[in-house]
1. What is the calculated FRET efficiency for Asp45 to Asp179, with r their C-beta to C-beta distance and R₀ = 45 Å, to the nearest 0.05?
2. Expressed as a whole percentage, what fraction of the accessible surface of the stretch 67-193 belongs to carbon and sulfur atoms when a 1.4 Å probe is rolled over the protein heavy atoms?
3. Reachable lysines from Lys188, Cα under 20 Å, same-chain residues fewer than 8 places away excluded?
4. Take the Cβ-Cβ distance between Asp26 and Asp79 as r, set R0 to 30 Å, and report the resulting FRET efficiency rounded to the nearest 0.05.
5. Test of understanding: what is the full-extension gain from Lys148 to Glu115, defined as 0.36 nm times their sequence separation minus their Cα-Cα distance?
6. For the stretch 64-159, which GluC sites (Glu not before Pro) are in a loop by DSSP, counting at most 12 other Cβ atoms within 10 Å?
7. Under the rule of at least 5 residues apart or a separate chain, name every residue whose amide H is placed under 5 Å from the amide H of Ser49.
8. List the residues, sorted by chain then number, that are 5 or more residues from Ser210 or on another chain and whose placed amide H is less than 5 Å from its amide H.
Amino acid sequence: MYNFDYFASNILDQFMTQITNYITNDYKAIDSRETIADVQGFLSDLSFSHFPVVEEQIYIGSVATEDIETFISDKKIIDYRYSFEKFFVRTNMVWLDVLEVFAQNHTNLVPVLDEENKYVGYYEIGDIMGFFNETPFLKEPGGIIVIKKAVVDYSLSQITQIVESNNGKLLGLFISEADSVNIQVTLKISLGPMNEIIQAFRRYNFEIISDHLEDNYINTLKERSDYLDKYLNI
(Lines give C-alpha, C1' and ligand atoms only; values in the text may rest on other atoms or scores of the structure.)
Protein backbone atom coordinates (compact mmCIF):
# COMPACT_ATOMS: atom_id res chain seq x y z
CA MET A 1 0.00 0.00 0.00
CA TYR A 2 1.47 3.36 -1.06
CA ASN A 3 2.13 5.72 1.86
CA PHE A 4 3.55 9.06 0.73
CA ASP A 5 3.38 10.55 4.25
CA TYR A 6 5.59 7.75 5.59
CA PHE A 7 8.09 8.23 2.76
CA ALA A 8 8.19 12.01 3.22
CA SER A 9 8.68 11.59 6.97
CA ASN A 10 11.65 9.24 6.46
CA ILE A 11 13.35 11.57 3.97
CA LEU A 12 12.74 14.58 6.22
CA ASP A 13 14.19 12.74 9.22
CA GLN A 14 17.40 12.12 7.25
CA PHE A 15 17.70 15.77 6.23
CA MET A 16 16.86 17.14 9.69
CA THR A 17 19.42 15.05 11.54
CA GLN A 18 21.68 17.38 13.53
CA ILE A 19 25.45 17.17 13.13
CA THR A 20 26.64 19.37 16.00
CA ASN A 21 28.75 16.53 17.39
CA TYR A 22 31.00 17.06 14.35
CA ILE A 23 31.87 20.63 15.38
CA THR A 24 35.58 20.73 16.16
CA ASN A 25 38.05 23.08 17.82
CA ASP A 26 41.21 21.12 17.11
CA TYR A 27 42.78 24.42 16.03
CA LYS A 28 41.86 27.75 17.58
CA ALA A 29 40.46 30.45 15.35
CA ILE A 30 42.93 33.13 14.25
CA ASP A 31 42.84 36.20 16.51
CA SER A 32 42.48 39.46 14.58
CA ARG A 33 45.57 40.87 16.38
CA GLU A 34 47.92 38.14 15.17
CA THR A 35 50.65 39.05 12.72
CA ILE A 36 50.63 37.83 9.15
CA ALA A 37 53.93 36.04 9.79
CA ASP A 38 52.36 34.00 12.63
CA VAL A 39 49.31 33.17 10.53
CA GLN A 40 51.48 32.14 7.58
CA GLY A 41 53.45 29.80 9.82
CA PHE A 42 50.27 28.36 11.31
CA LEU A 43 48.54 27.69 8.00
CA SER A 44 51.61 26.36 6.22
CA ASP A 45 51.29 23.04 8.07
CA LEU A 46 47.55 22.64 7.41
CA SER A 47 45.53 21.71 4.35
CA PHE A 48 42.56 24.01 4.91
CA SER A 49 41.39 26.22 2.05
CA HIS A 50 40.16 28.85 4.53
CA PHE A 51 40.39 29.52 8.24
CA PRO A 52 38.17 31.63 10.53
CA VAL A 53 39.27 34.92 12.10
CA VAL A 54 37.69 36.22 15.32
CA GLU A 55 37.69 39.49 17.20
CA GLU A 56 36.87 39.02 20.90
CA GLN A 57 35.23 35.68 20.05
CA ILE A 58 33.04 37.25 17.36
CA TYR A 59 33.52 35.82 13.89
CA ILE A 60 34.58 38.49 11.38
CA GLY A 61 35.32 36.32 8.35
CA SER A 62 37.54 33.61 6.91
CA VAL A 63 40.92 34.18 5.31
CA ALA A 64 41.78 32.13 2.21
CA THR A 65 45.01 30.16 2.60
CA GLU A 66 46.10 31.02 -0.93
CA ASP A 67 45.72 34.74 -0.14
CA ILE A 68 47.74 34.73 3.07
CA GLU A 69 51.02 34.15 1.23
CA THR A 70 50.56 37.44 -0.64
CA PHE A 71 50.18 39.54 2.52
CA ILE A 72 52.99 41.60 4.11
CA SER A 73 54.38 39.54 6.96
CA ASP A 74 54.84 42.31 9.56
CA LYS A 75 51.25 43.52 9.30
CA LYS A 76 48.35 42.18 11.35
CA ILE A 77 45.66 39.93 9.95
CA ILE A 78 43.02 42.58 10.71
CA ASP A 79 44.74 44.88 8.20
CA TYR A 80 43.42 42.58 5.48
CA ARG A 81 39.87 42.40 6.75
CA TYR A 82 38.59 43.58 3.36
CA SER A 83 39.71 40.25 1.85
CA PHE A 84 37.88 38.01 4.34
CA GLU A 85 35.10 35.78 3.06
CA LYS A 86 31.92 35.85 5.16
CA PHE A 87 30.41 32.39 4.80
CA PHE A 88 29.35 30.44 7.91
CA VAL A 89 26.66 28.12 9.27
CA ARG A 90 24.59 28.17 12.45
CA THR A 91 24.59 25.51 15.14
CA ASN A 92 20.96 24.66 14.35
CA MET A 93 21.45 24.12 10.61
CA VAL A 94 20.82 20.63 9.24
CA TRP A 95 23.53 18.69 7.44
CA LEU A 96 22.14 19.20 3.95
CA ASP A 97 22.23 23.00 4.36
CA VAL A 98 25.77 22.75 5.75
CA LEU A 99 26.85 20.70 2.75
CA GLU A 100 25.41 23.37 0.46
CA VAL A 101 27.56 26.06 2.12
CA PHE A 102 30.67 23.93 1.51
CA ALA A 103 29.76 23.56 -2.17
CA GLN A 104 28.82 27.18 -2.80
CA ASN A 105 32.04 28.54 -1.30
CA HIS A 106 34.50 25.93 -2.65
CA THR A 107 35.91 25.35 0.81
CA ASN A 108 36.88 22.39 2.98
CA LEU A 109 36.21 24.20 6.28
CA VAL A 110 33.11 26.12 7.38
CA PRO A 111 32.89 28.17 10.62
CA VAL A 112 29.98 27.52 12.98
CA LEU A 113 28.31 30.41 14.85
CA ASP A 114 25.60 30.57 17.51
CA GLU A 115 22.60 32.88 17.27
CA GLU A 116 24.61 35.79 18.74
CA ASN A 117 27.31 35.42 16.08
CA LYS A 118 29.79 34.03 18.58
CA TYR A 119 32.25 31.61 17.09
CA VAL A 120 31.64 28.01 18.22
CA GLY A 121 34.04 25.97 16.07
CA TYR A 122 34.14 24.60 12.55
CA TYR A 123 33.06 21.73 10.34
CA GLU A 124 35.48 19.89 8.04
CA ILE A 125 34.21 18.55 4.72
CA GLY A 126 35.58 15.07 5.41
CA ASP A 127 33.47 14.78 8.56
CA ILE A 128 30.31 15.93 6.81
CA MET A 129 30.83 13.52 3.93
CA GLY A 130 31.49 10.77 6.49
CA PHE A 131 28.13 11.59 8.05
CA PHE A 132 26.50 11.43 4.60
CA ASN A 133 28.05 7.99 4.08
CA GLU A 134 26.24 6.77 7.19
CA THR A 135 22.79 7.77 5.94
CA PRO A 136 20.52 4.98 4.66
CA PHE A 137 20.79 6.40 1.14
CA LEU A 138 24.42 5.27 0.92
CA LYS A 139 24.79 2.73 3.72
CA GLU A 140 21.83 0.44 3.11
CA PRO A 141 22.10 -2.18 0.33
CA GLY A 142 20.03 -1.41 -2.72
CA GLY A 143 19.93 -0.59 -6.40
CA ILE A 144 20.27 2.74 -8.20
CA ILE A 145 17.85 3.78 -10.94
CA VAL A 146 18.27 7.01 -12.89
CA ILE A 147 15.10 8.22 -14.60
CA LYS A 148 14.26 11.17 -16.82
CA LYS A 149 11.05 13.00 -17.64
CA ALA A 150 9.81 16.34 -18.91
CA VAL A 151 9.73 19.00 -16.21
CA VAL A 152 6.04 19.72 -16.79
CA ASP A 153 5.20 16.05 -16.14
CA TYR A 154 7.51 15.48 -13.16
CA SER A 155 5.85 14.40 -9.93
CA LEU A 156 7.58 13.23 -6.75
CA SER A 157 4.43 11.52 -5.52
CA GLN A 158 4.14 9.59 -8.77
CA ILE A 159 7.74 8.35 -8.51
CA THR A 160 7.27 7.10 -4.96
CA GLN A 161 3.94 5.52 -5.84
CA ILE A 162 5.47 3.60 -8.75
CA VAL A 163 8.22 2.21 -6.52
CA GLU A 164 6.01 1.25 -3.58
CA SER A 165 3.11 -0.11 -5.64
CA ASN A 166 5.62 -2.56 -7.15
CA ASN A 167 6.77 -3.78 -3.71
CA GLY A 168 9.89 -1.63 -3.61
CA LYS A 169 11.12 0.59 -0.81
CA LEU A 170 12.60 3.97 -1.64
CA LEU A 171 15.71 4.73 0.44
CA GLY A 172 16.20 8.20 -1.04
CA LEU A 173 16.30 10.29 -4.18
CA PHE A 174 17.79 13.49 -5.51
CA ILE A 175 17.59 15.57 -8.68
CA SER A 176 20.87 14.85 -10.46
CA GLU A 177 20.27 16.96 -13.57
CA ALA A 178 17.71 19.56 -14.61
CA ASP A 179 17.12 22.16 -17.29
CA SER A 180 14.11 24.05 -18.61
CA VAL A 181 12.86 20.96 -20.49
CA ASN A 182 13.80 17.77 -18.63
CA ILE A 183 14.57 16.63 -15.14
CA GLN A 184 16.73 13.65 -14.18
CA VAL A 185 16.23 11.91 -10.84
CA THR A 186 18.50 9.37 -9.15
CA LEU A 187 16.72 6.86 -6.91
CA LYS A 188 18.05 4.30 -4.47
CA ILE A 189 15.71 1.39 -3.93
CA SER A 190 16.11 -1.45 -1.47
CA LEU A 191 16.82 -4.77 -3.12
CA GLY A 192 13.62 -6.10 -4.62
CA PRO A 193 11.73 -6.50 -7.92
CA MET A 194 13.92 -4.10 -9.91
CA ASN A 195 12.69 -5.23 -13.34
CA GLU A 196 9.05 -4.69 -12.39
CA ILE A 197 9.85 -1.20 -11.12
CA ILE A 198 11.84 -0.33 -14.25
CA GLN A 199 9.03 -1.49 -16.55
CA ALA A 200 6.48 0.44 -14.47
CA PHE A 201 8.47 3.63 -14.95
CA ARG A 202 8.46 3.01 -18.71
CA ARG A 203 4.69 2.56 -18.70
CA TYR A 204 4.43 6.00 -17.12
CA ASN A 205 6.67 7.45 -19.84
CA PHE A 206 9.84 7.81 -17.79
CA GLU A 207 13.08 7.29 -19.69
CA ILE A 208 15.49 4.90 -17.95
CA ILE A 209 18.98 6.43 -18.08
CA SER A 210 20.85 3.82 -16.04
CA ASP A 211 21.76 0.32 -17.27
CA HIS A 212 20.44 -2.73 -15.41
CA LEU A 213 21.15 -6.42 -15.74
CA GLU A 214 17.60 -7.02 -14.51
CA ASP A 215 16.07 -5.00 -17.35
CA ASN A 216 14.16 -7.68 -19.30
CA TYR A 217 12.99 -5.18 -21.90
CA ILE A 218 16.55 -4.22 -22.89
CA ASN A 219 17.71 -7.83 -22.69
CA THR A 220 14.90 -8.90 -25.06
CA LEU A 221 15.77 -6.15 -27.52
CA LYS A 222 19.41 -7.20 -27.41
CA GLU A 223 18.52 -10.84 -28.02
CA ARG A 224 16.35 -9.89 -31.01
CA SER A 225 19.10 -7.65 -32.38
CA ASP A 226 21.66 -10.45 -32.03
CA TYR A 227 19.28 -12.87 -33.77
CA LEU A 228 18.67 -10.40 -36.60
CA ASP A 229 22.41 -9.86 -37.08
CA LYS A 230 22.93 -13.61 -37.19
CA TYR A 231 20.11 -14.04 -39.72
CA LEU A 232 21.44 -11.28 -41.99
CA ASN A 233 24.91 -12.79 -41.93
CA ILE A 234 23.74 -16.22 -43.09
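The values are calculated or read from the model by the stated rules, or taken from the named source; none is laboratory data. Since we're looking at a predicted model, the values are computed, not measured. Note that we place each Cβ from the backbone using ideal geometry, even for glycine, and neighbour counts take in every protein chain shown. To get the accessible areas, we keep the full protein, side chains included, count just its heavy atoms, and leave off ligands, DNA and RNA. Shrake-Rupley method; radii C 1.70, N 1.55, O 1.52, S 1.80 Å.
1. Here the calculated transfer efficiency is 0.55.
2. Values: 3320 of 6490 Å².
Looking at the stretch 67-193 in its full context, I get 51 percent from C and S.
3. Lys139, Lys148, Lys149, Lys169
4. Values: r = 27 Å, r/R0 = 0.89.
With a Förster radius of 30 Å, E is 0.65.
5. 7.8 nm
6. Hits after loop and neighbour filter: Glu69, Glu115, Glu116, Glu134.
7. Asn108, Leu109
8. Answer set, sorted by chain and number: Val146.
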